[in-house]
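The structure appears below as structure tokens.
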């Protein structure tokens with residue numbers, strides 16, 4: 001028996017092939033079998049083999065599970081085998097007699113079967129797979145699906161021999177595995193990749209054409225057609241599930257306000273008209289009086305989503321701390337912050353959801369309303385604004401077009417023209433930099449400094465154009481006496497490349 005290599009196998013209801021798989025591995029002294037909840041005879045069969053050590057774990061993704069199995073091994077050399085794979089005697093002999101090098105990973109030729117028929121077409125071509133590695137040198141990627149051995153800087157060598165892969169015996173097994181893998185693909189790529197119904201359709205059509213015609217699936221009769229059709233279905237459903245997963249993000253809308261209930265009421269009305277509602281709305285109140293509290297209580301009764309009032313004592317302009325307190329009680333995984341004088345286009349939330357991407361924060365634009373137009377809106381308690389409306393500035397910012405937003409929204413590597421009156425980011429990214437800096441007191445720079453720390457932490461800024469439209473009511477500028485002190489904080493963050501502020505949101509999170 002070979003005493004330098006530990007074999008690892010993941011199983012779940014693998015009784016059909018596990019005996020043949022383990023029999024072929026008899027020359028190895030240790031086999032770690034990590035089971036994910038088998039309900040058939042897999043464990044009973046495996047227990048009959050004296051070189052098998054059985055461990056159990058819930059499903060946490062294929063990559064993490066394979067690394068967990070390797071952690072139970074006695075030896076540093078790991079041979080990773082699937083439970084439906086059978087190594088040929090030639091391959092086993094060449095493995096056990098090989099002079100293995102730690103800086104090398106080893107691959108084998110794999111033959112893929114549907115039932116008892118060898119398939120060498122339609123995406124199931126004979127392929128080489130990396131399966132033998134030194135665990136102190138490398139490991140599997142943490143991917144939940146399509147995991148692979150990390151090979152950066154390592155040599156790849158082929159060991160002669162074949163490994164037979166008995167993946168599916170019938171259509172039912174193929175469809176069952178298809179459903180599992182498409183779900184895992186959607187989970188793993190959620191908000192990392194864009195998807196749509198159209199993308200799912202053309203991916204499916206291209207997959208069938210590629211597999212059946214270009215990769216010669218037609219040469220294998222019924223099996224070739226079935227595999228090509230199932231591969232096309234897999235492409236369709238994984239992108240459709242991804243599209244659905246990207247749309248199920250939970251959103252907290254944070255609205256900052258201070259003693260302007262007339263404007264706040266109009267903002268709340270604009271939230272009610274959204275084509276896609278946020279999951280909750282939190283008013284970040286920087287010390288408003290009773291009129292604001294009364295307004296919020298009135299709207300709570302009929303508001304379409306939970307409405308919360310986060311209030312702090314009036315001690316001057318403390319927008320940073322006010323936002324932190326509101327975000328501390330938020331539950332959404334994605335946070336959109338606006339000012340309490342920003343009226344929202346009906347597709348405002350929808351636009352932000354469409355453009356959201358992992359490790360990215362969004363900066364939206366605004367349409368400035370002139371004093372007279374602002375006064376009319378507050379008096380009438382209604383508004384209708386478009387590209388041709390009177391009394392507006394930044395006219396092109398009135399355009400809301402999903403296709404153009406996806407096409408023309410661009411990354412920006414700095415904080416130029418940044419404003420928090422229309423900004424969105426992931427809660428995890430916000431917590432990574434400890435939210436806004438409570439040291440900011442008085443108007444100015446708290447949003448720039450927050451955005452700068454996000455950039456320093458590696459979060460990408462993206463400007464949303466032709467979407468996320470907000471109409472900014474005119475109001476008199478607040479005093480800017482605090483700017484010198486606030487500029488000093490911003491300059492320090494810039495020079496020191498700071499990512500974390502000591503006086504941030506953490507003090508408000510229980």
Checklist line | Modelled FRET efficiency - R0 41 Å, residue 117 with residue 250, Cβ distances, 0.05 increments | finding: 0.30
Next item on the list: Sort 152, 429, 339 so the one with the fewest other Cβ atoms within 10 Å of its own Cβ comes first.
Entry: 152, 429, 339
Check: Got the relative contact order for the chain handy, in percent, Cα pairs under 8 Å and 6 or more residues apart?
Finding: 11
Item checked: Alpha-carbon centroid distance for the pair region 448-462 / region 1-76, whole angstrom -> 45
Notebook entry, point to check: More than 35 Å apart: what percent of Cα pairs in the chain qualify?
Noted result: 50
Margin query: Tell me the relative contact order for region 408-510 as a rounded percent, counting alpha carbon contacts under 8 Å between residues six or more apart.
Written below: 42
Next item on the list: Report, to the nearest 10°, how far helix 261-272 tilts away from the longest principal axis of the Cα atoms in the chain, using its own Cα long axis and a range of 0 to 90°.
Entry: 30
Check: Using Cα atoms only, what is the angle between the long axis of helix 171-189 and the major principal axis of the chain, expressed in degrees (0 to 90) to the nearest 10?
Finding: 40
Item checked: Simple label model, 7 Å out from Cα along Cβ direction - residue 173 to residue 13, nm -> 1.2
Item checked: Label-to-label distance, nm, for residues given as residue 496 and residue 396 (7 Å Cα→Cβ offset) -> 3.9
Margin query: Which of 498, 481 has the fewest other C-beta atoms within 10 Å, and how do the rest follow up to the most?
Written below: 481, 498
Check: By how many nm would the segment from residue 294 to residue 39 lengthen if fully extended, with 0.36 nm per residue of separation less the alpha-carbon distance?
Finding: 85.9 nm
Notebook entry, point to check: Does region 22-177 come out rounded, prolate or oblate by the C-alpha gyration tensor, with a ≥ b ≥ c the root eigenvalues, rounded set by a/c under 1.5 and, if not, prolate when a/b is larger than b/c and oblate if not?
Noted result: rounded
Notebook entry, point to check: In degrees between 0 and 90, to the nearest 10, how far off the longest principal axis of the chain does helix 483-496 point, with axes built from Cα atoms?
Noted result: 20
Note to self: Using only DSSP helix segments of four residues or longer, with each worth -39500 (n - 2.57), what per-residue ellipticity at 222 nm results for the chain after dividing by its residue count and rounding to 500?
What the structure shows: -10500 deg cm²/dmol
Next item on the list: On a C-alpha basis, how far is the centre of region 107-132 from the centre of region 192-206 in Å? Whole number, if you could?
Entry: 27
Next item on the list: Would you mind ranking 423, 249 so that the residue whose beta carbon has the fewest other beta carbons within 10 Å leads the list?
Entry: 249, 423
Note to self: With the cut-off at 1.5 for a/c, could you classify region 12-84 from its C-alpha gyration tensor as rounded, prolate or oblate?
What the structure shows: oblate
Note to self: Binning at 5 angstrom from zero up to the longest distance, how are the C-alpha pair distances of region 97-183 distributed in percent?
What the structure shows: 3, 12, 18, 19, 19, 14, 10, 4, 1
Item checked: Semi-axis lengths, Å, region 248-310, gyration tensor of Cα atoms, sqrt of 5 times eigenvalues -> 20, 12, 10
Item checked: Three-way shape call for region 251-508 based on the alpha-carbon gyration tensor, with the a/c threshold at 1.5 -> rounded
Next item on the list: Give me the orientation-averaged projected area of the Cα convex hull of region 396-510, in nm², one decimal.
Entry: 8.6
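The numbers here are math on the coordinates, done by the rules we state, and not lab data. Computed from a predicted model, the values in this text were never measured in an experiment. We place every Cβ from the backbone using ideal geometry, glycine too, and count neighbours over all the protein chains shown.
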